[in-house]
1. Give me a count of the residues in the stretch 275-295 that are out of contact with any helix residue (DSSP H, G or I) (no Cβ under 7 Å at 6 or more places or on another chain), on the phi < 0 side of the Ramachandran plot and open to solvent by less than 90 Å² (accessible area, probe 1.4 Å).
2. For the list (1) at pLDDT below 85; (2) closer than 17 Å to Q314 by Cβ; (3) not polar (S, T, N, Q), I need the number of the one condition that E269 fails.
3. Over 28 Å from Y249 (Cα atoms), out of contact with any Gly (no Cβ under 8 Å at 6 or more places or on another chain) and surrounded by 16 or more Cβ atoms within 10 Å (Cβ to Cβ): which single residue out of L108, L117 fits that description?
4. I'm trying to understand the selection: among the residues of the stretch 164-202, which are under 22 Å from L136 (Cα atoms) and either basic (K, R) or touching a Cys at 6+ places or on another chain (Cβ under 6 Å) (or both)?
5. I'm trying to understand the selection: among the residues of the stretch 171-222, which are open to solvent by less than 10 Å² (accessible area, probe 1.4 Å), farther than 29 Å from Q134 by Cα and among the hydrophobic types (A, V, I, L, M, F, W, C)?
6. Could you identify the single residue in I84, I72, I78 that is open to solvent by 30 Å² or more (accessible area, probe 1.4 Å), hydrophobic (A, V, I, L, M, F, W, C) and either closer than 30 Å to E137 by Cα or part of a helix (DSSP H, G or I) (or both)?
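The values are calculated or read from the model by the stated rules, or taken from the named source; none is laboratory data. Fair warning: this is a prediction, and the values are worked out from it, not measured in the lab. Virtual Cβ from ideal backbone geometry, glycine too; neighbours counted across all protein chains shown. Areas reflect the complete protein model, heavy atoms only, side chains present, ligands, DNA and RNA absent. Shrake-Rupley method; radii C 1.70, N 1.55, O 1.52, S 1.80 Å.
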Amino acid sequence: MNKNRIQKVEQPIIHLPWVNSMGVIGDPGCEGLGTYNMKVYAGTLEKSAEDDITLIAGDLVPAGNEYYYEEISELTEIIAYNDIYVLRGNHDTGAYMDYFGRKNYALLAKEFSVVVLDNAMRTFETEGLDLLKQVLEMENVHRVIIAFHIPVPNHYIRNSVSEEEFERLKEAYTPWKDKVKYLLCGHVHSRFEDIVDDIPLICTGGGGALIEDVSEEIRACDVEHHMVHFFMEGKELKYRFDDLSENAYDKERKVPMLKESLEKTVISELMAHLKYLMFADRAKRRGMERISNLFKALAASEYHHARNFYSIMQNRTPFRESAESFIPTEEFEYQYFYKMMEEYAVKEQAPLTKQAFSGAAAAEKVHAKLLKEASAIEKFDKETVFVCPICGYVMAGDQIPDRCPVCGGPKRQFEVFQSGESVL
C-alpha cells in the first residue's frame, strides 16, 4: 500500500526540482463517493501515474466532513502512484485544512510553476493574490499555471466568478502576464478550452462526476470522463486531455475470487430488484399505494447496489460507441440462445419456459433493430417507445397496435417512455 501520497501543504511555496510533468483530475467526488463514481476517479489516478505529481482541481468530496475526507483519503492512498496535491473546491469545506493544509500555495517544478488559488466561495483571497504576485516576480519563474476551482468569465458558461473578481486576478498577474501560460479550473462537469485575456483557459471536470451539458457547443454526449496532462516539450509547456479507456482501473476484477463474488452479487441484487418490483406491482393493483411505494424504493436501492458492483467489472466504452456495442449480445440471444432454449423447453414439455423464451426472443429482435438505429445518435428520431408489461415486447413510433402482437396485452397497460421520461 502506498503511504502519504496525499500531501498536506504546510508552506506557501514548495520547491519540486525533480518534477517535469503534472496530471490534473477535476471534480471526482462532488456527486458522492459511490463505487460507480469512484471507479472513474481510480482510473484517472492510474492514468496520472505517468506524471510526476497529480493535482486534484477541486471537489474531492461531496461535503467537507471528516467521514468523507477519511473515505477519499484511504482510497487515494491505496491507488495513487505519485504525490497528490489538492485544490479546494466549493464542496471541499469544513475540515479541508486539517487534511490538505493551505488553501493557497505554489508548486515550483523544474521548468514550470503552479500557483493554486482558493476561489471556492467565488472570491480570490488576498493571501492567494499576494502569493501569485510573489511567485510571478521571481526571476527563475518563467512558465506559470494559475489553478483555481470555479472558472473565470468565458465564452461558454455563466457559472463563473464575477467580472469584478476576474479583474482582481488580472490586476495581480498583469505586470508579469507573459509568464502566465495557462489558467486552469474545474467545477464544470465536462471539459472545454477557451481564451480569456489572451491566455488559454482549460476547464476539466471529468474525474468522477457524471458528465453534463455545458452549452449547445459542448454537450455531454461529446465528452468522456478524462484527465489532463501538463508536460514540457523542449522549452514549451504543453497539455493534452486523456480520456479513460475501457481498461481503466481493472485490477480488482482480475482477482478471481473477487470477480466471482462480484458476478454472483450482481445477480443477487438484480434478482432482489426484480422481486421487489413485482411485489410493488401486486400491491399497487390491490390499492395498497404505500406498500407499493416502499417496494419500488427498495427495488431502486437494489438496482443501485447492482450498478455499483457491476461497475467494478464493466469495460468502459466511449458514449458514442455504446449503443452499437450492445447489438451483438441482442442478436446472439434471439438468433441462437433463446431459440435453443425454446426448443429444449419443447422437448422437456415446459410450456411456460418455452413461452418466456419465445416472447423474449421477439423483443430482443426489436432491441437489436432499435440499437442499430440508435448507434447513429444524431439521426435517431424515435420520440416515444412502448413496452408491454406482460411480456416485455417493445414498440416504437406513433402507430402501435391495440394489443401486444406477442402476448395480446392491452394497449392501455403499455408502459410509455417519452423523450427521456418514463410514464408507468
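1. Result for the stretch 275-295: 2.
2. (1)
3. After ruling out the rest, the residue left standing is L108.
4. Across the stretch 164-202, the qualifying residues are R168, K170, K177, K179, K181, C185.
5. Of everything in the stretch 171-222, those that are open to solvent by less than 10 Å² (accessible area, probe 1.4 Å), farther than 29 Å from Q134 by Cα and among the hydrophobic types (A, V, I, L, M, F, W, C) turn out to be F192, A209.
6. The unique qualifying residue is I78.
So that you can scan it fast, the table gives a plain yes or no per residue for (1) of a type in the set (F, W, Y); (2) at pLDDT 90 or above:
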{"residue": "E236", "(1), (2)": "no, yes"}
{"residue": "F241", "(1), (2)": "yes, yes"}
{"residue": "Y249", "(1), (2)": "yes, no"}
{"residue": "K259", "(1), (2)": "no, no"}
{"residue": "K284", "(1), (2)": "no, no"}
{"residue": "R290", "(1), (2)": "no, no"}
{"residue": "L294", "(1), (2)": "no, no"}
{"residue": "A297", "(1), (2)": "no, no"}
{"residue": "H304", "(1), (2)": "no, no"}
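Rundown of residues vs (1) touching a residue at least 24 places away in the same chain (Cβ under 8 Å); (2) among the charged types (D, E, K, R), yes/no style:
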site	(1), (2)
R168	yes, yes
P175	yes, no
V188	yes, no
C203	yes, no
G206	yes, no
E216	no, yes
V228	yes, no
G234	no, no
